[in-house]
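Sharing a structure with you now.
The values are calculated or read from the model by the stated rules, or taken from the named source; none is laboratory data. Note that this is a predicted model, so its numbers are computed, not measured. Here Cβ is always computed from backbone atoms with ideal geometry, including for glycine, and neighbour counts include all displayed protein chains. For the accessible areas, the whole protein counts, side chains as well, though only heavy atoms, and no ligand, DNA or RNA atoms are used. Shrake-Rupley method; radii C 1.70, N 1.55, O 1.52, S 1.80 Å.
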Amino acid sequence: MRRTLRRRSLTALTVVLSATMVAALGWLPATAAPDGGADGARWLTDYEAPPKYPDVHIEWDVPLTMSDGTVLKANVYRPADANGPIAEKTPTIVNITPYTKLFQMLVDSAIAMPVLYDSLNRLLKLADFSAVGMSGLSDMGQNLPAGIGRIFAGVDRKLIQSGYSVAVVDVRGTGFSQGVWDVFGEREQLDAAEIVDWAGSQPWSTGDVGMTGASYCAINQLHAAQKGSKALKAIFPVDAGNDLSHDIINTGGGFGVGFLAPWIVTVNTTKVLPDLISMLTGSFDWTWFEDRVSSPFTMIDALLGYYLSATPELMPSATREVFESTGSRHKAWLGSGADKVTVPTFMVGSWFDLFAYSEVKAFEQIPLSSDKKKLMMGNGYHITPLARHGEPGTPPRLDVLQRAWFDKWLKGIDNGIDRYDPFTLFQQGGGWTGVDAFPRPDAVHRRLYLSGAPSGTTSFPAAHDGSLTAEPPTDSQRLTVTPGLATICSRDSAQITAGITSVFDICAKDSRVAETSALTFTSLPVDQPTIISGPIALHLNTVHDTTDGYWTATVNDVAPDGTSTAITSGQLVSSMRTIDEPKSTRSANGDYTDPYTTLAISDRQPVVPGEPIVLDISMRATDAILKPGHRLRVDVFASNFPRAVPFGPTLVDSKLAPQHLQLDPEAPSFVNIPVGGNPRW
C-alpha cells in the first residue's frame, strides 16, 4: 500500500514538475535554427498552398510623377478573379529597377510557366560539375531552386495570388522612365521614398507597403527606408550595399573595374531600348527620347576620367564629384543613414558579395530589436549568394522567407518569422548556423605577427614563405613584392565579377595560383576547432621606392593538403590612408578592427620614397571555423586586378614599382584577428 502511494506520489510530482518545466520553457524565446524548424515547415506550406485568388491582372506602364515633374513608369500587378482585379484593398510590394521592367517581365513570364520552371529546378538540383573542377558552376545553378528568381524579377505571382499587389518601377533615366539616370544619387534616393508613398496612396492599396528585389533593387530599399517613407512597413533586400564607395567604387582607393566598367555600359545600353508598343499606338513619350539624347552615356565621363587623368587637376568634374569630400556623389555613396531605418528589415547577403563589407556594417547600425531585423550571410557571390537553400539543414527558400516576412509585418500574421534567429550565417569551413550575436561572443581580437621565418607550408612557389606567430619577430627583414596578374585567378576576382569566375575551383576555392605573386605568412596548425568571427584589420610597416603604392591582402584557411581558401580580403592605396576616426572601430587591445578611410582625394597623404609608412587595412568581417590540422595564412600582394586598379594619379605615382614590407621588431606588422578557441598560437 505504501509503495503504491509512494509510486503515485512520485508520478504526480513528475507530472507537476514536467508541466512546470513546459510552462517555463514556453516563456523562452524560440530559435528558428537555419531551416526554421516547425515554423519553417509552416512557411513553406503557406507559400505552396492553393492560391487565394486564381489570376493576376497587369496594368502596363502606369505613370508616376515625381516631385520635380519627371514621369516614371510602372507595371502594376494585382490579384484577380474571373471578373478582373479584386475590389479588396491589399498590401503593396514595390520593386525599383534600372534593368528595365521589360526584362524583369520576361523573367516573371518564364517562372510563370510551371512545367518549364519546375523541370529546370529539378535539373539544376542534379547538376554537379565538381568532378571537372567546376563546382562553382553547380553552385551557380542552385540559385533558381533557392528562390532567387522571383526576388530578382520583383514579381512573385504566388505572393500576388495570396493577396498582395506589386508595382515594378523603372529607375529614372532607365527603362521607359523619363529623366537622367542619377546612379544612387540624392534625387534617385528621394524617388525611392516618393514611389513607395505613391504605391501606398493608390485606391487598391491598404497603405502598407513592402519592398523587394536584389542588388540595385535592394539598395533602393535601404534608401527608401532611410528617407522616411510614411507608407513603408517592411523591406527584404537581397545583396544590398549601403556604402558603395568602400564596397566597390573606390575600395581602399582602388576602382572595382571588373564589375563597374561592364555594368555601367550595360545599363547605358538597355536604357535606350524604346517602348515599341507606344510607337505602334501613337502614344510614344517624346520627353523620354529627349532625355536619352541629352544623356546617352551616363557616368562614362567619370569612368574615363578615373583612368585617364594623370593628376587630380586633370580630372573632369564628373570624376571629381566622386573623389572630392564636398562632391554630391561622394557624399551620396558613402555609408550613412542606416541608423535611420525604422522598418522591419530582413537582409540577405554573402561573404563574397560585391557589398559584403556594408551588408554587415549597415545591419549593425539599424536601430531595431532582433525580432524586427534579421541578417543572413551565405558563402557565395553577387549572382550566387544562396547555394542549396530549402534543403535539410539549410535556410528556407528566399521566396518562402520573403512571404513569411511580409505576412508578419504587412498583414499582422503571427507566423513565427520574428522568432527566426537574428543571424543565419554560413560558417566558412563548416556549414549553416543560427546565432543570436555576430561577431560570436567567444571570438576575441588578438595580434598575430608577420614573420619572415619560413613556415615550410607553401606547395606552390610564392614571392616569400613566412610565418604567422604569437610574438613579434626578433630580427629585422625587408621583403619585396611586385605587382603581377596572378590575382586574375583568385577569390577576389570571383567577387568582383559577381561570381562569374567562381566556376573554376582552382581559382575561387584555392589561392595557390594567386599566391605565386604574394608574400605569404602561415601559422602553426590548430589542434582543435578554432573560430574566426568578426571584422579583421591588417597593420603593415611598408617602404616604397616611388611616391605611391597599392597593397592587397587576404586571410586564408589552409588545409592539411595545402589548399589555401581565402575567407576575407582588403586593399589600400598608400596615399589614401587617411582614417576617419569617428567612423572607425578598435578592439579592446586598442588596435583597429575597421580602419575606415575617408577616400577623399583632398586627404591624400604624400608617400616619401625610402621612408617607412604604416598602413592599416580594413578587411571584410567574416565568420569561419578552422578544423583541427588547418592553419591560418595572410597573403600580401602589390596588385589586385581585376578586383581593382588604383585611379589615374595614384597609378602614375606608383609606377607599378616593387613594394617592400619592413619586418621590424620595433615596429612590427600584424593582423588583428578575432579568434575563439585555444589554437597552438
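For Thr174, are the conditions met, namely being buried (at least 24 other Cβ atoms within 10 Å of the Cβ), under 30 Å from Ala302 (Cα atoms) and of a type outside the set (A, V, I, L, M)?
Yes: the conditions hold for Thr174.
Looking only at residues that are among the small types (Gly, Ala, Ser) and outside any strand (DSSP E or B) in region 414-436, which one is least open to solvent (accessible area, probe 1.4 Å)?
Looking at the filtered set, the residue picked out is Gly416.
Mind checking whether some residue in region 621-628 is crowded, with 20+ Cβ neighbours inside 10 Å, among the small types (Gly, Ala, Ser) and either free of Cβ contacts under 8 Å to residues at least 40 places away in the same chain or not in a loop (DSSP other than H, G, I, E, B) (or both)? Reasoning before the result, please.
The first filter runs over region 621-628 and keeps only residues crowded, with 20+ Cβ neighbours inside 10 Å, leaving 621-626.
Now drop any that are not among the small types (Gly, Ala, Ser), which leaves 621, 624.
Subsequent filtering for residues that are either free of Cβ contacts under 8 Å to residues at least 40 places away in the same chain or not in a loop (DSSP other than H, G, I, E, B) (or both) retains 621, 624.
So far as region 621-628 goes, yes, one or more of its residues are crowded, with 20+ Cβ neighbours inside 10 Å, among the small types (Gly, Ala, Ser) and either free of Cβ contacts under 8 Å to residues at least 40 places away in the same chain or not in a loop (DSSP other than H, G, I, E, B) (or both).
Has region 571-588 got any residue that is of a type outside the set (Val, Ile, Thr), within 23 Å of Phe438 (Cβ to Cβ), in contact with a Lys or Arg (Cβ under 7 Å, 6 or more places away or on another chain) and not in a loop (DSSP other than H, G, I, E, B)?
Taking every residue of region 571-588 in turn, none turns out to be of a type outside the set (Val, Ile, Thr), within 23 Å of Phe438 (Cβ to Cβ), in contact with a Lys or Arg (Cβ under 7 Å, 6 or more places away or on another chain) and not in a loop (DSSP other than H, G, I, E, B).
If you don't mind, another one. Keeping to region 479-499, report how many residues are touching a helix residue (DSSP H, G or I) at 6+ places or on another chain (Cβ under 7 Å) and among the charged types (D, E, K, R).
Final tally of qualifying residues: 1.
Taking Leu375 and the conditions (1) aliphatic (A, V, I, L, M); (2) in contact with a Phe, Trp or Tyr (Cβ under 6 Å, 6 or more places away or on another chain); (3) at pLDDT below 95, which numbered condition does it fall short on, given that it satisfies the others?
(3)
Checking the condition within 17 Å of the chain's Cα centre (by Cα), within 19 Å of Ile366 (Cα to Cα) and surrounded by fewer than 24 Cβ atoms within 10 Å (Cβ to Cβ), which residue from Asp247, Asp239 passes?
Only one candidate qualifies: Asp247.
Of everything in region 197-213 that's outside any helix (DSSP H, G or I) and open to solvent by less than 10 Å² (accessible area, probe 1.4 Å), which residue is nearest to Phe355 (Cα to Cα)?
Checked region 197-213; the qualifying residue nearest to Phe355 (Cα to Cα) is Gly213.
Just give me the residues in region 561-577 being exposed (fewer than 15 other Cβ atoms within 10 Å of the Cβ) and either of a type in the set (S, T, N, Q) or closer than 20 Å to Ile532 by Cα (or both), in sequence order. Can you show your working first?
Initially, region 561-577 is screened for residues exposed (fewer than 15 other Cβ atoms within 10 Å of the Cβ), giving 561-562.
The answer is Gly562, and nothing else.
Consider region 303-324. How many of its residues are open to solvent by 70 Å² or more (accessible area, probe 1.4 Å) and aromatic (Phe, Trp, Tyr)?
Matching residues across region 303-324 total 1.
So, in region 337-356, how many residues would count as being of a type in the set (D, E, K, R) and in a helix (DSSP H, G or I)?
The qualifying residues number 2.
Within region 118-187, considering only helices (runs of 4 or more DSSP H) that don't extend past its boundaries, which have at least 3 residues that are at pLDDT below 95?
135-141, 148-153
For region 331-359, name all the residues that are within 24 Å of Asn250 (Cβ to Cβ), open to solvent by 10 Å² or more (accessible area, probe 1.4 Å) and of a type in the set (A, V, I, L, M).
Ala332, Leu334
Given the residues Thr469, Thr457, Thr394, Thr433, which is the only one that is of a type in the set (Ser, Thr, Tyr) and modelled with pLDDT under 95? Break it down stepwise before answering.
Numbers: Thr469 fails: modelled with pLDDT under 95; Thr457 fails: modelled with pLDDT under 95; Thr433 fails: modelled with pLDDT under 95.
One residue alone meets the criteria, Thr394.
Just one of (1) open to solvent by 10 Å² or more (accessible area, probe 1.4 Å); (2) out of contact with any Leu (no Cβ under 6 Å at 6 or more places or on another chain); (3) in contact (Cβ under 8 Å) with a residue 24 or more places away in the chain trips up Ser369, so point out which.
Just one mismatch for Ser369, condition (3).
If you don't mind, another one. In region 639-681, which residue that is outside any helix (DSSP H, G or I) and charged (D, E, K, R) is most open to solvent (accessible area, probe 1.4 Å)?
Glu666
Check Val607, Val614, Val636 and return the single one that is at pLDDT 95 or above, open to solvent by less than 20 Å² (accessible area, probe 1.4 Å) and either part of a strand (DSSP E or B) or of a type in the set (Gly, Ala, Ser) (or both).
Val636
Identify the residue in region 504-529 that is under 24 Å from Arg680 (Cα atoms) and aliphatic (A, V, I, L, M) and, among all such residues, is surrounded by the fewest Cβ atoms within 10 Å (Cβ to Cβ).
Checked region 504-529; the qualifying residue surrounded by the fewest Cβ atoms within 10 Å (Cβ to Cβ) is Leu524.
So, Glu321, is that one out of contact with any Cys (no Cβ under 7 Å at 6 or more places or on another chain), within 29 Å of Ser584 (Cβ to Cβ) and free of Cβ contacts under 8 Å to residues at least 24 places away in the same chain or not? It would help to see each step written out before you state the result.
Values: out of contact with any Cys (no Cβ under 7 Å at 6 or more places or on another chain): yes; within 29 Å of Ser584 (Cβ to Cβ): yes; free of Cβ contacts under 8 Å to residues at least 24 places away in the same chain: yes.
Taking the combined requirement at face value, the residue satisfies it.
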